[in-house]
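Novice: Take a look at the following structure, please.
Every number in this text was worked out from the coordinates using simple rules, so none of it is lab data. All of these numbers come straight from a predicted model, not from anything done at the bench. All Cβ positions, glycine included, derive from the backbone under ideal geometry; neighbour counts span all protein chains shown.
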Amino acid sequence: MVKLYLAVPCYNEEEVLYDTTEKLTKKYDQMINDGLITSDSKIYYIDDGSKDKTWTIIDELHNKNKYVNGIKMSRNRGHQNALLGGLMTIKDDCDCVISIDADLQDDINTFDEMIKDFENGSEIVYGVRSKRATDTAFKRMTAQGFYKVLSMLGAEVVYNHADFRLMSKRALNALAEFKEVNLFLRGLVPLVGFKSSVVEYERSERLAGESKYPLKKMLGLAWDGVTSLSMKPIRMITSLGAIVFCISLIMLIYSFIMWIIGNTVSGWSSLIVSIWALGGLQLLAIGVVGEYIGKIYMESKHRPRFIVEEILK
Ligand code: UDP
Ligand code: MG
């Protein structure tokens, strides 16, 4: 039997909390009956500085419901930070934590499979959406494009996986070693390593209320994902510089020919060649400086250089 904690970040979720709690309570009752989880398993709501009655409701539910506990963040810091804050606060007390959004768009009936995978040795179990029928075509397309871009940039991401996942205490302790402030958990968790597995499910509609991820925040998250995982954008500047510099060589030959033919205004050849050459050189120089800044950036994250999985002695 597994002692399971649930980490549920909540930002202005007063409309869904009662429903969510009812569903989760039933699920917990069933899993305890099935001998899957221990009876002291808990549900942790993490209030991410909500401006509505979210915290009052969590407090009330905590008093009424034996499973519900709460953590209140001092102010709104965004989904990723709230989730990490919650995970780090509760990890030492349990065997594993499942993170899930408050709107229960992710299927809570996959908990059983996740826990079985955990019992079979997986330290991380990723929830992956098999279909995205409930998302708008726009969201599907942008998400698809985003995963493509990320993997092109060399980041290891699990396709169609958001932040619905199980992590063991050991994986969470390893995650705690990643000290970076710009958080993109989906990109970090695969870096932890260990044995992992995937559980598929269909994503449903939000229970109630509106998405707390408007387009602006989604773009912000995507940009954080790219810049916190990859130095390739900087390298693109260097490549661009090299390309422009090559063009300047072509321009040199071209304007030389034009000059021989006598097909130019005087001063044109020298001007056009210096514009291209200088442009190319400047881009190259920025790229080189950027390379060093990128290195400093990566160093400043103080990521762990290794994580030991097993020692035989
Ligand atoms: N959330 C949060 N802080 C924020 C924004 C969102 O904790 O600043 C939580 C929110 O309450 C929900 C989860 O993050 O539990 C995902 O948000 P939402 O369901 O609105 O995103 P979507 O499913 O539309 O991508
Ligand atoms: Mg949602």
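Novice: Restricting to segment 161-189, what's the tally of residues that are more than 16 Å from ligand 2 (Cβ to nearest atom), surrounded by 16 or more Cβ atoms within 10 Å (Cβ to Cβ) and of a type outside the set (A, V, I, L, M, F, W, C)?
Specialist: Residues that pass the stated criteria total 4.
Novice: Scan (1) under 30 Å from ASN120 (Cα atoms); (2) in contact (Cβ under 8 Å) with a residue 40 or more places away in the chain for the single condition GLY85 breaks and write down its number.
Specialist: (2)
Novice: Which residues, counting only those in segment 266-313, are over 25 Å from GLY241 (Cα atoms) and of a type in the set (Val, Ile, Thr)?
Specialist: Correct list: ILE307, VAL308, ILE311.
Novice: Answer with yes or no whether ILE90 is within 16 Å of ligand 2 (Cβ to nearest atom), buried (at least 17 other Cβ atoms within 10 Å of the Cβ), touching a residue at least 60 places away in the same chain (Cβ under 8 Å) and not charged (D, E, K, R).
Specialist: The answer is no for ILE90.
Novice: Would it be correct to say that GLU205 is more than 17 Å from the chain's Cα centre (by Cα), surrounded by 14 or more Cβ atoms within 10 Å (Cβ to Cβ) and not β-branched (Val, Ile, Thr)?
Specialist: no
Novice: Sticking with this structure for a sec: Take VAL158 and decide whether it is outside any loop (DSSP other than H, G, I, E, B), under 27 Å from THR20 (Cα atoms) and β-branched (Val, Ile, Thr).
Specialist: Against the criterion (outside any loop (DSSP other than H, G, I, E, B), under 27 Å from THR20 (Cα atoms) and β-branched (Val, Ile, Thr)), VAL158 does not qualify.
Novice: If you don't mind, there's one more thing I want to ask. Tell me, yes or no, whether segment 275-283 has at least one residue that is under 29 Å from the mean Cα position of the chain (by Cα), more than 16 Å from ligand 1 (Cβ to nearest atom) and either in a helix (DSSP H, G or I) or touching a residue at least 24 places away in the same chain (Cβ under 8 Å) (or both).
Specialist: No, that holds for no residue.
Novice: At least 1 residues that are within 16 Å of ligand 1 (Cβ to nearest atom) in each: list the helices (runs of 4 or more DSSP H) lying fully within segment 174-265 that qualify.
Specialist: 185-192, 215-229
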